[in-house]
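K.L.:
Could you have a look at this structure, given as structure tokens, before my questions?
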Amino acid sequence: MNENEIGEFIAALLILSGSIFSVISVFGIIRLPDVYTRSHAATKSSTLSVLLTLIGVFLYFLFHDHFVSVRVLLGIVFVFLTAPVAGHLIIRAAYRSKVGLADISVEDELYEVIHGNQDTKIEEKAKNEAEHS
């Protein structure tokens with residue numbers, strides 16, 4: 001086996017791995033109970049699958065055609081930067097829209113961070129006013 005065949009084999013392996021992760025992502029989206037866990041499966045697995053596939057395509061062009069594709073490199077960078085942010089914003093919008101958690105969820109740790117304890121806020125406000133008077 002020469003260098004080109006090894007590079008093409010690695011590229012094919014990466015593309016196949018990306019396809020497998022994509023299928024895993026689909027099963028996660030179908031089987032998980034609520035929008036938060038489904039989005040987690042979609043964002044993490046799909047991002048990894050697209051990155052593996054694009055890296056495999058880049059290596060294929062590099063070893064087979066001896067061509068460095070700047071478009072594929074830009075695609076890798078943009079997917080790596082934008083997919084997690086987009087997933088986070090979608091989940092944040094769902095949480096702020098009061099989409100419910102799954103029944104098996106034990107605790108909502110973000111509730112107190114966003115809403116806080118109203119009694120504590122009133123006490124802190126009164127304390128601050130008393131100190132500044």
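K.L.:
When the stretch 59-106 is examined, which residues are found to be under 22 Å from the mean Cα position of the chain (by Cα) and within 22 Å of Ile20 (Cβ to Cβ)?
P.N.:
Within the stretch 59-106, Val72, Gly75, Ile76, Val79, Phe80, Ala83, Pro84, Gly87 meet the criteria.
K.L.:
Taking the stretch 68-121 as the search range and keeping residues that are of a type in the set (Ser, Thr, Tyr) and at pLDDT 80 or above, which one is nearest to Asp34 (Cα to Cα)? Spell out the reasoning first.
P.N.:
Initial filter on the stretch 68-121 (of a type in the set (Ser, Thr, Tyr)): 69, 82, 95, 97, 105, 111, 120.
Next cut, at pLDDT 80 or above only: 69, 82, 95, 97.
Working: Ser69: 39, Thr82: 23, Tyr95: 12, Ser97: 14 Å.
The qualifying residue nearest to Asp34 (Cα to Cα) is Tyr95.
A quick yes/no check of all residues on (1) touching a Phe, Trp or Tyr at 6+ places or on another chain (Cβ under 9 Å); (2) touching a residue at least 24 places away in the same chain (Cβ under 8 Å):
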{"residue": "Ala12", "(1), (2)": "yes, yes"}
{"residue": "Phe21", "(1), (2)": "no, yes"}
{"residue": "Ile30", "(1), (2)": "no, no"}
{"residue": "Phe61", "(1), (2)": "yes, no"}
{"residue": "Val77", "(1), (2)": "no, no"}
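K.L.:
State the number of residues belonging to the stretch 24-77 that are part of a helix (DSSP H, G or I), among the charged types (D, E, K, R) and closer than 28 Å to Tyr95 by Cα.
P.N.:
The initial filter retains those residues of the stretch 24-77 that are part of a helix (DSSP H, G or I), namely 24-31, 35-64, 70-77.
Narrowing the set further to residues that are among the charged types (D, E, K, R) leaves 31, 38, 44, 71.
Filter once more, so that each one left must be closer than 28 Å to Tyr95 by Cα: 31, 38, 44.
So the answer is 3.
K.L.:
From the residues in the stretch 3-19 that are among the β-branched types (Val, Ile, Thr) and surrounded by 13 or more Cβ atoms within 10 Å (Cβ to Cβ), which one is nearest to the chain's Cα centre (by Cα)?
P.N.:
Step one: of the stretch 3-19, the residues among the β-branched types (Val, Ile, Thr) are 6, 10, 15.
Checking which are surrounded by 13 or more Cβ atoms within 10 Å (Cβ to Cβ) leaves us with 10, 15.
Values: Ile10: 25, Ile15: 19 Å.
That would be Ile15.
The values are calculated or read from the model by the stated rules, or taken from the named source; none is laboratory data. Treat the numbers as computed from the prediction; the structure is a model and nothing was measured. Ideal geometry is used to build each Cβ from the backbone, glycine not excepted, and the neighbour counts take in all protein chains shown.
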